[in-house]
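One structure is given below, encoded as structure tokens.
We did not get these values from a lab; they are worked out from the coordinates using the rules stated. Bear in mind the structure is a predicted one, so any value in this text is a computation, not a measurement. Methodologically, a virtual Cβ is constructed for each residue, glycine included, from the backbone with ideal geometry; neighbour enumeration extends over all protein chains shown.
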Amino acid sequence: MKVVFVSVFLFLAVSVLTTDGKESSKGLTCEQEVALVQPCVDYLTKKTEAPSTSCCDGLKKIISSSPTKKEKQAACKCLKKAASEIPNLCKERANNLCKECKIKVDNFIPNDLDCEKIV
């Protein structure tokens, strides 16, 4: 099965993890984050019209597990790398994933996927 986005992102769409290279965000490894957003792949590749509940729930868990700037950046980098491995990824859908999931979060995964811009 193909490795997934998120943030997207999502996004996010994906790169270096944290300093030790194993943990991406508080309590979650990069591999766990990728697994959480795996259900988003069909939406991000235009196989479905809307993200699934499991996609949105996974994204919410990643966001809630990444409270600090460093953790958000690490999650962004992880998902950015994963997104780069998805053929036919729709960047517009990745950029709008949080909105489609009705998640109000600013700059979790910036539109230009520059994870250093996260505040």
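If you put +1 on each Lys and Arg Cβ and -1 on each Asp and Glu Cβ, how big is the dipole of the stretch 23-108 around its Cα centre, in Debye rounded to 20?
On the way: 16 positive and 11 negative charges, 62 e Å.
Roughly 300 debye for the stretch 23-108.
How high is the FRET efficiency from residue 99 to residue 35, r the C-beta distance, R0 22 Å, rounded to 0.05?
That gives a FRET efficiency of 0.45.
Among 88-99, 31-42, 60-71, how do they line up from the highest to the lowest mean number of other beta-carbon atoms within 10 Å?
31-42, 88-99, 60-71
Does the stretch 23-108 come out rounded, prolate or oblate by the C-alpha gyration tensor, with a ≥ b ≥ c the root eigenvalues, rounded set by a/c under 1.5 and, if not, prolate when a/b is larger than b/c and oblate if not?
prolate
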